[in-house]
Amino acid sequence: MYIEARELSKIYGSGESQVTALNRASLKITQGDFLSIMGPSGSGKSTLLHLLSGLDRPTSGSLIYEGKDICRLHDKELSVFRRQGIGFIFQQFNLLPVLTARENIIMPLLLDRKKPDEIYLEELTELLGIHERLTHLPHELSGGQQQRVAIARALIAKPDVIFADEPTGNLDSQNGSEVMETLKNIHEKMGKTLVIITHDGRIARMAKRQFMIVDGNLSEVTES
Ligand code: ADP
(Lines give C-alpha, C1' and ligand atoms only; values in the text may rest on other atoms or scores of the structure.)
Protein backbone atom coordinates (compact mmCIF):
# COMPACT_ATOMS: atom_id res chain seq x y z
CA MET A 1 0.00 0.00 0.00
CA TYR A 2 1.40 3.33 -1.10
CA ILE A 3 -0.24 6.75 -0.83
CA GLU A 4 1.03 9.92 -2.43
CA ALA A 5 -0.55 13.33 -1.96
CA ARG A 6 0.61 15.80 -4.59
CA GLU A 7 0.08 19.50 -3.91
CA LEU A 8 -3.31 19.07 -2.26
CA SER A 9 -5.12 22.37 -1.72
CA LYS A 10 -8.48 23.13 -0.24
CA ILE A 11 -10.06 26.55 -0.60
CA TYR A 12 -13.39 27.31 1.08
CA GLY A 13 -15.69 30.12 -0.02
CA SER A 14 -14.92 32.80 -2.58
CA GLY A 15 -14.09 36.49 -2.82
CA GLU A 16 -13.33 38.24 0.46
CA SER A 17 -14.49 35.32 2.62
CA GLN A 18 -12.16 32.88 0.85
CA VAL A 19 -10.10 30.66 3.18
CA THR A 20 -7.14 28.56 2.06
CA ALA A 21 -7.50 25.72 4.57
CA LEU A 22 -4.70 23.69 2.96
CA ASN A 23 -1.94 25.02 0.73
CA ARG A 24 -0.31 22.56 -1.71
CA ALA A 25 0.39 19.78 0.80
CA SER A 26 2.54 16.92 -0.49
CA LEU A 27 3.53 13.73 1.29
CA LYS A 28 4.19 10.06 0.67
CA ILE A 29 2.97 7.30 2.99
CA THR A 30 4.20 3.72 2.74
CA GLN A 31 2.88 0.48 4.24
CA GLY A 32 3.47 0.32 7.98
CA ASP A 33 4.18 4.03 8.41
CA PHE A 34 3.07 5.80 11.58
CA LEU A 35 2.58 9.56 11.09
CA SER A 36 1.45 12.26 13.47
CA ILE A 37 0.22 15.69 12.44
CA MET A 38 0.28 18.57 14.93
CA GLY A 39 -0.75 22.18 14.55
CA PRO A 40 -2.79 24.92 16.18
CA SER A 41 -6.58 24.94 16.00
CA GLY A 42 -7.78 26.03 12.55
CA SER A 43 -4.44 25.24 10.88
CA GLY A 44 -5.90 22.68 8.46
CA LYS A 45 -5.31 19.34 10.22
CA SER A 46 -8.84 17.97 9.81
CA THR A 47 -9.01 19.28 6.26
CA LEU A 48 -5.84 17.35 5.40
CA LEU A 49 -7.08 14.15 7.07
CA HIS A 50 -10.44 14.36 5.31
CA LEU A 51 -8.71 14.79 1.94
CA LEU A 52 -6.20 11.96 2.55
CA SER A 53 -9.02 9.60 3.51
CA GLY A 54 -11.32 10.52 0.62
CA LEU A 55 -13.99 11.97 2.95
CA ASP A 56 -13.67 15.24 1.01
CA ARG A 57 -12.22 16.32 -2.32
CA PRO A 58 -9.41 18.83 -2.87
CA THR A 59 -9.84 22.08 -4.79
CA SER A 60 -6.66 21.11 -6.64
CA GLY A 61 -3.93 18.49 -6.48
CA SER A 62 -4.10 14.72 -6.63
CA LEU A 63 -4.19 11.81 -4.24
CA ILE A 64 -2.71 8.58 -5.52
CA TYR A 65 -3.48 5.22 -3.88
CA GLU A 66 -1.55 2.36 -5.47
CA GLY A 67 -1.02 4.36 -8.65
CA LYS A 68 -4.66 5.45 -8.98
CA ASP A 69 -5.89 9.03 -8.49
CA ILE A 70 -8.90 8.60 -6.19
CA CYS A 71 -9.98 12.22 -6.74
CA ARG A 72 -11.18 11.06 -10.17
CA LEU A 73 -13.53 8.41 -8.78
CA HIS A 74 -17.27 9.04 -8.88
CA ASP A 75 -18.99 9.55 -5.51
CA LYS A 76 -20.26 5.96 -5.30
CA GLU A 77 -16.88 4.46 -6.25
CA LEU A 78 -15.20 6.74 -3.72
CA SER A 79 -17.48 5.64 -0.87
CA VAL A 80 -16.92 1.95 -1.68
CA PHE A 81 -13.16 2.59 -1.81
CA ARG A 82 -13.34 4.37 1.55
CA ARG A 83 -15.42 1.68 3.26
CA GLN A 84 -13.15 -1.11 2.06
CA GLY A 85 -9.69 0.48 2.03
CA ILE A 86 -9.67 2.99 4.85
CA GLY A 87 -10.52 3.09 8.54
CA PHE A 88 -11.42 6.38 10.18
CA ILE A 89 -11.54 7.18 13.91
CA PHE A 90 -13.23 10.36 15.14
CA GLN A 91 -12.70 12.39 18.30
CA GLN A 92 -16.42 11.98 19.20
CA PHE A 93 -16.47 8.19 18.50
CA ASN A 94 -19.58 8.60 16.22
CA LEU A 95 -21.25 5.38 17.37
CA LEU A 96 -24.95 4.92 16.65
CA PRO A 97 -26.63 5.10 20.10
CA VAL A 98 -29.43 2.59 19.36
CA LEU A 99 -27.08 -0.14 18.15
CA THR A 100 -25.06 -2.50 20.35
CA ALA A 101 -21.27 -2.46 20.26
CA ARG A 102 -21.27 -5.51 17.97
CA GLU A 103 -23.83 -3.94 15.61
CA ASN A 104 -21.82 -0.73 15.46
CA ILE A 105 -18.64 -2.66 14.67
CA ILE A 106 -20.11 -4.66 11.78
CA MET A 107 -22.14 -1.76 10.32
CA PRO A 108 -19.61 -0.97 7.51
CA LEU A 109 -19.85 -4.59 6.30
CA LEU A 110 -23.66 -4.56 6.31
CA LEU A 111 -23.56 -1.48 4.06
CA ASP A 112 -21.66 -3.64 1.53
CA ARG A 113 -23.98 -6.63 2.17
CA LYS A 114 -21.07 -8.62 3.57
CA LYS A 115 -21.07 -11.03 6.49
CA PRO A 116 -18.56 -10.51 9.28
CA ASP A 117 -15.58 -12.86 9.54
CA GLU A 118 -16.48 -14.15 13.03
CA ILE A 119 -12.97 -15.40 13.81
CA TYR A 120 -11.45 -12.03 12.90
CA LEU A 121 -14.17 -10.21 14.88
CA GLU A 122 -13.33 -12.29 17.94
CA GLU A 123 -9.57 -11.73 17.60
CA LEU A 124 -10.09 -8.03 17.06
CA THR A 125 -12.42 -7.48 20.01
CA GLU A 126 -10.13 -9.52 22.27
CA LEU A 127 -7.12 -7.48 21.20
CA LEU A 128 -9.12 -4.32 21.92
CA GLY A 129 -10.38 -5.60 25.30
CA ILE A 130 -14.08 -5.19 24.43
CA HIS A 131 -14.98 -8.83 23.85
CA GLU A 132 -17.17 -8.93 26.98
CA ARG A 133 -18.99 -5.74 26.02
CA LEU A 134 -20.38 -6.59 22.59
CA THR A 135 -24.05 -6.69 23.63
CA HIS A 136 -23.88 -3.31 25.38
CA LEU A 137 -25.22 -0.06 24.02
CA PRO A 138 -22.72 2.83 23.69
CA HIS A 139 -24.11 4.70 26.73
CA GLU A 140 -23.41 1.62 28.87
CA LEU A 141 -19.69 1.86 28.04
CA SER A 142 -16.93 4.17 29.29
CA GLY A 143 -15.48 6.73 26.87
CA GLY A 144 -12.38 4.61 26.39
CA GLN A 145 -14.48 1.51 25.67
CA GLN A 146 -16.61 3.47 23.20
CA GLN A 147 -13.50 4.61 21.38
CA ARG A 148 -12.21 1.03 21.27
CA VAL A 149 -15.53 -0.06 19.73
CA ALA A 150 -15.04 2.71 17.16
CA ILE A 151 -11.51 1.40 16.51
CA ALA A 152 -12.90 -2.10 15.93
CA ARG A 153 -15.43 -0.63 13.49
CA ALA A 154 -12.58 1.15 11.66
CA LEU A 155 -10.73 -2.19 11.36
CA ILE A 156 -13.58 -4.59 10.55
CA ALA A 157 -13.23 -4.32 6.76
CA LYS A 158 -9.47 -5.04 7.12
CA PRO A 159 -8.23 -1.73 5.70
CA ASP A 160 -4.48 -1.14 5.29
CA VAL A 161 -4.58 2.38 6.67
CA ILE A 162 -6.24 4.03 9.66
CA PHE A 163 -6.77 7.77 9.97
CA ALA A 164 -7.50 9.13 13.45
CA ASP A 165 -8.66 12.69 14.14
CA GLU A 166 -7.74 13.56 17.76
CA PRO A 167 -8.74 10.06 18.96
CA THR A 168 -7.96 10.88 22.60
CA GLY A 169 -9.36 14.42 22.52
CA ASN A 170 -12.59 13.41 24.25
CA LEU A 171 -11.01 11.19 26.92
CA ASP A 172 -9.40 11.69 30.32
CA SER A 173 -5.67 11.00 30.51
CA GLN A 174 -6.03 7.38 31.73
CA ASN A 175 -8.48 6.40 28.97
CA GLY A 176 -6.48 8.46 26.46
CA SER A 177 -3.27 6.55 27.28
CA GLU A 178 -5.10 3.22 26.94
CA VAL A 179 -6.51 4.18 23.55
CA MET A 180 -3.05 5.28 22.36
CA GLU A 181 -1.56 1.97 23.57
CA THR A 182 -4.30 0.19 21.62
CA LEU A 183 -3.52 2.16 18.45
CA LYS A 184 0.19 1.46 18.85
CA ASN A 185 -0.59 -2.25 19.19
CA ILE A 186 -2.65 -2.16 16.02
CA HIS A 187 0.22 -0.49 14.20
CA GLU A 188 2.84 -2.89 15.56
CA LYS A 189 0.97 -6.21 15.75
CA MET A 190 -1.36 -5.87 12.77
CA GLY A 191 1.05 -3.84 10.61
CA LYS A 192 -1.54 -1.17 9.89
CA THR A 193 -0.47 2.22 8.59
CA LEU A 194 -1.54 4.90 11.06
CA VAL A 195 -2.02 8.63 10.50
CA ILE A 196 -3.04 10.54 13.61
CA ILE A 197 -3.90 14.17 14.35
CA THR A 198 -3.09 15.35 17.83
CA HIS A 199 -2.61 18.43 19.99
CA ASP A 200 -0.47 16.43 22.39
CA GLY A 201 3.30 16.49 21.86
CA ARG A 202 3.76 13.21 23.75
CA ILE A 203 1.38 11.44 21.39
CA ALA A 204 2.99 13.09 18.35
CA ARG A 205 6.39 11.78 19.41
CA MET A 206 5.09 8.17 19.57
CA ALA A 207 4.89 8.31 15.75
CA LYS A 208 7.82 7.38 13.49
CA ARG A 209 7.26 10.48 11.35
CA GLN A 210 6.05 13.81 12.68
CA PHE A 211 4.45 16.61 10.69
CA MET A 212 3.47 20.18 11.57
CA ILE A 213 0.85 22.24 9.87
CA VAL A 214 0.65 26.03 10.25
CA ASP A 215 -1.81 28.18 8.29
CA GLY A 216 -2.42 25.33 5.85
CA ASN A 217 1.29 24.72 5.19
CA LEU A 218 2.45 21.18 5.92
CA SER A 219 6.03 20.24 6.74
CA GLU A 220 7.77 17.15 8.10
CA VAL A 221 9.62 17.76 11.37
CA THR A 222 10.74 14.22 12.23
CA GLU A 223 13.63 14.27 14.68
CA SER A 224 16.42 11.95 13.63
P1 ADP B 1 -7.96 22.14 12.34
O2 ADP B 1 -8.40 20.73 12.13
O3 ADP B 1 -6.46 22.30 12.31
O4 ADP B 1 -8.55 22.78 13.56
P5 ADP B 1 -9.56 22.69 9.96
O6 ADP B 1 -8.96 21.83 8.92
O7 ADP B 1 -10.83 22.23 10.60
O8 ADP B 1 -8.46 23.02 11.09
O9 ADP B 1 -9.83 24.15 9.36
C10 ADP B 1 -8.85 24.89 8.60
C11 ADP B 1 -9.44 26.23 8.17
O12 ADP B 1 -10.49 26.01 7.22
C13 ADP B 1 -10.06 27.03 9.30
O14 ADP B 1 -9.80 28.40 9.07
C15 ADP B 1 -11.53 26.72 9.19
O16 ADP B 1 -12.30 27.78 9.69
C17 ADP B 1 -11.70 26.57 7.68
N18 ADP B 1 -12.80 25.63 7.34
C19 ADP B 1 -12.87 24.32 7.65
N20 ADP B 1 -13.99 23.75 7.15
C21 ADP B 1 -14.67 24.75 6.51
C22 ADP B 1 -15.90 24.82 5.78
N23 ADP B 1 -16.66 23.73 5.60
N24 ADP B 1 -16.26 26.02 5.27
C25 ADP B 1 -15.47 27.12 5.41
N26 ADP B 1 -14.30 27.12 6.08
C27 ADP B 1 -13.90 25.96 6.63
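With a 1.4 Å probe and all protein chains kept in place, how much accessible area does His136 have, in Å² rounded to the nearest 10?
60 Å²
Based on the inverse mean of 1/r over its pairs of different Cα atoms, what is the Kirkwood hydrodynamic radius of the chain, in Å? It would help to have the intermediate numbers written out before the result.
Numbers: mean 1/r = 0.0557 Å⁻¹.
When all Cα pairs of the chain are included, the Kirkwood radius is 18.0 Å.
Residue-wise, which Karplus ³J(HN,Hα) couplings in Hz belong to the range 208-220, taking 6.51 cos²θ - 1.76 cosθ + 1.60, θ = phi - 60°, and x for glycine or proline?
Result, ordered by residue: 6, 10, 10, 10, 10, 10, 9, 6, x, 9, 9, 8, 8 Hz.
Taking θ = phi - 60°, what integer Hz values does the Karplus form 6.51 cos²θ - 1.76 cosθ + 1.60 yield along the range 168-180, in sequence order, with x for Gly and Pro?
Each residue of the range 168-180 in turn: 10, x, 10, 10, 6, 5, 4, 5, x, 5, 5, 5, 5 Hz.
Going by average Cβ neighbours within 10 Å, how do the peptides 120-130, 35-45 rank, with the highest at the top? Write down the numbers at each step before the final one.
Working: 120-130: 17.1, 35-45: 19.5.
The peptides rank, most packed first, as 35-45, 120-130.
Amide H of Leu194: which non-local residues (sequence gap of 5 or more, or other chain) have their own amide H closer than 5 Å, using H built in the peptide plane?
Here Asp33, Phe34, Leu35, Ile162 satisfy the definition.
Once you have the Cα-Cα distance between Ser26 and Asp200, take 0.36 nm times their residue separation minus that, and quote the gain in nm to one decimal. Intermediate results must be reported in sequence, preceding the final value.
Numbers: separation 174, 0.36 × 174 = 62.64 nm, distance 2.31 nm.
Between Ser26 and Asp200, full extension yields 60.3 nm more.
If you roll a 1.4 Å probe over the heavy atoms of the protein chains, what accessible area per residue do you get for the range 1-156, in Å²? Provide the component values of the computation, followed by the final result.
Numbers: 7920 Å² over 156 residues.
About 51 Å² of surface per residue is accessible.
Hand me the tally of lysine pairs in the range 104-224: alpha carbons under 17 angstrom apart, and the pair either on different chains or 8 or more positions apart.
9
Taking every DSSP beta bridge that has both residues in the chain, what percent is antiparallel when rounded to the nearest 5? List each step's numbers first, then the result.
On the way: 19 of 36 bridges.
Antiparallel bridges make up about 55 percent of those DSSP assigns within the chain.
Measure out, as a whole number of angstrom, how far apart the alpha-carbon centroids of the range 114-155 and the range 25-41 sit.
When both Cα centres are located, 26 Å separates them.
Of all the accessible heavy-atom surface of the range 9-114, with the other protein chains kept in place and a 1.4 Å probe, what percent is carbon and sulfur? Show your work: numbers first, answer last.
Details: 2880 of 5550 Å².
Carbon-and-sulfur percentage of accessible area, whole number: 52.
The values are calculated or read from the model by the stated rules, or taken from the named source; none is laboratory data. In this text, all values refer to a predicted model and were calculated from it rather than measured experimentally. Methodologically, a virtual Cβ is constructed for each residue, glycine included, from the backbone with ideal geometry; neighbour enumeration extends over all protein chains shown. Note: areas computed on protein heavy atoms with side chains; ligands, DNA, RNA excluded. Shrake-Rupley method; radii C 1.70, N 1.55, O 1.52, S 1.80 Å.
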